[in-house]
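In what follows, a single structure is set out as structure tokens and then discussed.
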Amino acid sequence: MPIISIPALGLRLQANADENLLKVLRRHRVPIGWSCKRGECGSCKCVLERGEVDLRGYQPGALPGSQREQGVILACSSRIVGDVQLALVDTDDYIEHPVRRLRCRVLWLRELAPEVFALRLGIVGTSAHAQEEGGEPGAEGEVDAPFQFSAGQYAHLKARDADGAWIGRDFSMAGTPVEAEYDGELEFHIRRTTGGAFSGLLGGTIVAGTELLLEGPMGRAYFRPRHEGPLYAVAAGTGLGPMLSVVQTALDNGKTDPVVLYAGFRHVSEVYGVELMEQLARRHANFRAHVVVEFDAPGGARGGRVGDALFADVADFRDAKVYLAGSPAMVEGVSAELLARGLAARDVHADAFYAPAPRAAADQQRDEAQG
């Protein structure tokens, strides 16, 4: 039987040929992140130091070619061929919060900018809806423990449309973990798009008092509290929500290294969050924020793309960590440039959201057969 060795943890694990690597690691409780299990989010990255795996069926943005050349693989998209040796990414800062399935009620819905809304939810109880979706069954009831997440993570929200059908999408938390844990409240920043299956419900079937279902937390682009060195947070559009959560948490935790936020928008009318950024700058001497407008930037404002602004300002990313949230194109482009400039993959943190990657029917049947 193939052997999976992880020298840093002193582990030698037996596996079956052609078995899914993430499944083996999860079975042995190896501390590796995971979320989508479909090669879309990049949460389960690890380094293949020796041996070979059959890596396929993943989104290019979840594993850029520059990372692949460094030996980085996605465990969820890897089939075991023979003996392999692995190194885990970010083991020292591995944090796993239990995935919860909860019922929430909309407290309020506020427009932050044209067609950009803050959705504030209050947790009201546990949900048994997972049974309908093939998850673990459970009775609906009272919340048995506070909801915990790390700044930068996301959750899966579900709402009923006008016909009563459930519509689900992934959104990053914009509020801080403290608000969720102590107040039982969560905030999300969502752009309402024409034809958006979920976002199009905002202000329609989703209003104050509407009950939604939440599953989470998920994702690996969360704040690493042990890191010592500069922190750069780069956001595009509503990616500002989770990046504000990251920088607020870092500053509240007493981080004294430079904390710099780059908030990018396409048009000046889309800009929001400036008041909070200014408040953080007044309270923390080590925090700076840059608002970058790609088109029609007014006089005195910074124009261009947010990634270009970051690289124009920072020549040396030594000892830094960079957090990214926003469009897949921005996340992928900035990540690739950071790696090209020598920043290690373990110091680039992003959960880009992509459409599901197509998978061969044989692969799906094989996963189902393996349970």
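Key figures
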item	result
Loop sites in segment 38-121: trypsin sites (Lys or Arg not before Pro), DSSP, at most 15 other Cβ within 10 Å	R56
Within the chain, percent of DSSP bridges classed antiparallel, to nearest 5	65 percent
Calculated [θ] (222 nm, deg cm²/dmol) that DSSP helices of n ≥ 4 give over the chain, each run adding -39,500 (n - 2.57)	-5500 deg cm²/dmol
Neighbour-limited loop hits for trypsin sites (Lys or Arg not before Pro), segment 162-252 (at most 11 other Cβ within 10 Å; DSSP other than H, G, I, E, B)	R226
Solvent-accessible area per residue for the chain (1.4 angstrom probe, square angstrom)	46 Å²
Estimated translational D of segment 68-123 in µm²/s (Stokes, Kirkwood radius over Cα pairs; 10 °C; 1.306 mPa s)	96 µm²/s
Percent RCO, i.e. relative contact order, over the chain, from Cα pairs under 8 Å lying at least 6 residues apart	16 percent
Entries of K158/K321; K158/K255; K23/K158 with Cα pairs more than 30 Å apart	K158/K321; K158/K255
Cα Rg, Dmax (largest Cα-Cα span) when computed across the chain, Å	20.8, 66
Alpha-carbon centroids, segment 265-332 and segment 216-234: separation in whole Å	17 Å
Shape category assigned to segment 294-341 from the gyration tensor of Cα positions, a/c cut at 1.5	oblate
Sequence-distant residues sharing a close amide H with D83 (under 5 Å, placed H)	I3
Fraction of accessible area attributable to carbon and sulfur, the chain (%, probe 1.4 Å)	47 percent
Once exposed loop chymotrypsin sites (Phe, Trp or Tyr not before Pro) are cut out (DSSP; at most 15 other Cβ, 10 Å), longest piece of the chain	95-294
GNM flexibility winner over the chain from G65, G219, G33 (Cα, springs under 10 Å)	G65
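The values are calculated or read from the model by the stated rules, or taken from the named source; none is laboratory data. For clarity, every value in this text was computed on a predicted model and none was experimentally measured. Glycine gets a Cβ as well: all are built from the backbone with ideal geometry, and neighbour counts include every protein chain shown. All accessible areas refer to the heavy atoms of the entire protein, side chains included, with ligands and DNA or RNA removed. Shrake-Rupley method; radii C 1.70, N 1.55, O 1.52, S 1.80 Å.
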